[in-house]
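Okay, so here's the structure we're looking at.
The values are calculated or read from the model by the stated rules, or taken from the named source; none is laboratory data. Keep in mind it's a predicted model, so treat the numbers as computed, not measured. Reconstructed Cβ throughout: ideal geometry from the backbone, glycine too, with neighbour counts over all protein chains shown.
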Amino acid sequence: MNLARLAVAGGFALATALALVARSMRPQAPLPVLGHVPAFHLVDERGAPFTEASMRDHVSVVDFIFTRCPTSCPRLTARMAELQARLSRGPDDVRLVSFSVDPENDTPAVLSRYAADAHADLTRWSFVTGGADDVQRAVVVGFKTADVKTARGAGDYDVVHGEWFVLVDPAGDIRGYYPTGTDEEFAALVHDVRRIAKPGPRRDAVPGG
């Protein structure tokens, strides 16, 4: 009797394990298309042109910051640096883009210093600014996120902006908006980046090795 019960229990455990394996092997539903990045004309931290074409043919993860921000931006930039580290040995077709929402203050030179402080790999992570109207159109119309100035007093101001990370595919389609306040939320972003990135050699791979 005990042997029979053990056999039933073992069979149930095996069936459960097989079901879990089968579920994990099912193809995942494709990520939705939530919009398309329109044309824009801005510059990066070197003063070089940066347009929507700069984001084509590779996956991009976008965030919105400004260098004088004392609250959410340091956290967002730290998360972007963490993403840079996570992807440093992954596919080469993933790029990171930080749009400044304070272009009056965040000139290319200011963003270059900010990038250095963030230990940004500028071959994969760009910091973007430009004319105020051009930035507003790119951020609000293009990426559909907030960008609103609020007065602090004495001629100073703050900027209320989206705290999402935006995932853009190689065709320029927006595939997701991600909060990254928790490790679970950040892991979801990393997972989806890897889903749509092209498989490729690790950066530390030796050709022919």
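In table form, for the structure just shown:
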{"item": "Output for the range 75-111, where each listed residue is closer than 12 Å to V128 by Cβ and small (G, A, S)", "result": "S98, S100"}
{"item": "Count of residues meeting criterion [surrounded by fewer than 16 Cβ atoms within 10 Å (Cβ to Cβ) and within 16 Å of V62 (Cα to Cα)] in the range 97-123", "result": "3"}
{"item": "Checking E82 against (1) part of a helix (DSSP H, G or I); (2) of a type in the set (D, E); (3) under 18 Å from A48 (Cα atoms), the condition it does not meet", "result": "(3)"}
{"item": "Counted residues, the range 138-150 - those being crowded, with 18+ Cβ neighbours inside 10 Å and modelled with pLDDT of 85 or more", "result": "4"}
{"item": "Those residues of the range 85-96 which are surrounded by fewer than 16 Cβ atoms within 10 Å (Cβ to Cβ) and either small (G, A, S) or not in a loop (DSSP other than H, G, I, E, B) (or both), in sequence order", "result": "A85, S88"}
{"item": "Answer residue from the range 151-178, given it is loosely packed, with under 13 Cβ neighbours inside 10 Å, assigned to a loop (DSSP other than H, G, I, E, B) and at pLDDT below 95 and is nearest to the chain's Cα centre (by Cα) among those", "result": "G155"}
{"item": "Unique residue being part of a loop (DSSP other than H, G, I, E, B), in contact with a Gly (Cβ under 8 Å, 6 or more places away or on another chain) and at pLDDT 50 or above when the list is P38, P30", "result": "P38"}
